[in-house]
Amino acid sequence: MNTPPTRLLIHGASGRMGQSLLRLAAGQPESLQVVAAVTRRSPAQRVVEGVPHFAASELSGAPVFDVAIDFSLPEGFDPILALCVERGVPLVSGTTGISAVQQQALELAASRIPLVWASNFSLGVAVLADLVERAAAALQGWDVDVVESHHIHKKDAPSGTALTLGQAAGSAGADVHYASLRAGDIVGEHTVQFTGMGERIELTHRATHRDIFARGALHAARRLAGRAPGSYRVRDLLD
């Protein structure tokens, strides 16, 4: 018996991540169907390559969907979270810069819907975070440093991913230090270094293409559909 494709609403569809999500989802018609692409401004075309487009002001009129994927701006985050809670459907969000109040709203929403918010949707980074936590637990007393490199236009430092990796080590009791480099067009590189007396371990992830983040978000959306309410991490959805 064939399983119908997961119906997606892409929120923030005009952005770089939104465009990647639309392109990659179109290549997986057997498992994914974008039923709504939502943009901040009114769309120039109502249907683009078979996908209905809506302005953010029209969000409440979006058709039935199974999962929403949100890569928008903090000012657009509240309406998509509210719509998912109202309809009882999962939310995958990578919107950064959300406020403490919005973070609290996420936590409350997790009691009613399954959701995942992450600063990085790379599946490789999800595995790296798990390895970091395990290494920190096994290497008590070692120095732990997170070294991250990004392109010259990235303003925040340490990166959100570096902080996530640091939190993974910190959850095992490590005292974490950070170092940041901004140079050229580096997509993203993160190394977690564990240093003991006479020995050192380095766990590294290098991103060479931004599509990895969109692929990870689509993977998370497929795995989140049908789950019980709760707040999930990307690494909870690997299998």
### Query
If residue 181 passes every condition in (1) surrounded by 20 or more Cβ atoms within 10 Å (Cβ to Cβ); (2) hydrophobic (A, V, I, L, M, F, W, C); (3) not in a loop (DSSP other than H, G, I, E, B) but one, which one does it miss?
(1)
### Task
Determine if the range 203-224 includes at least one residue that is surrounded by fewer than 20 Cβ atoms within 10 Å (Cβ to Cβ), at pLDDT 95 or above and over 27 Å from residue 25 (Cα atoms).
yes
### Task
Name every residue in the range 33-54 that is out of contact with any Lys or Arg (no Cβ under 7 Å at 6 or more places or on another chain) and outside any loop (DSSP other than H, G, I, E, B), in order of residue number.
34, 36, 37, 38, 39, 47, 48, 51, 54
### Task
Please state which one of 101, 116 is among the hydrophobic types (A, V, I, L, M, F, W, C) and either in the same structural domain as residue 203 (by TED's automatic domain parsing) or within 25 Å of residue 6 (Cβ to Cβ) (or both).
116
### Query
From the residues in the range 42-64 that are without any contact (Cβ under 8 Å) to a residue 24 or more places away in the chain and β-branched (Val, Ile, Thr), which one is nearest to residue 23 (Cα to Cα)?
48
### Message
Quick test for you: out of 89, 67, 35, pick the one residue that is surrounded by 19 or more Cβ atoms within 10 Å (Cβ to Cβ), touching a strand residue (DSSP E or B) at 6+ places or on another chain (Cβ under 7 Å) and without any contact (Cβ under 8 Å) to a residue 40 or more places away in the chain.
### Response
89
### Query
Got at least one residue in the range 86-107 being part of a strand (DSSP E or B) and of a type outside the set (A, V, I, L, M)?
yes
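The values are calculated or read from the model by the stated rules, or taken from the named source; none is laboratory data. Here the structure is a predicted model, which is why all the values come from computation and not from measurement. Neighbour counts are summed over all protein chains in view; Cβ atoms, including those assigned to glycine, are modelled from backbone coordinates with ideal geometry.
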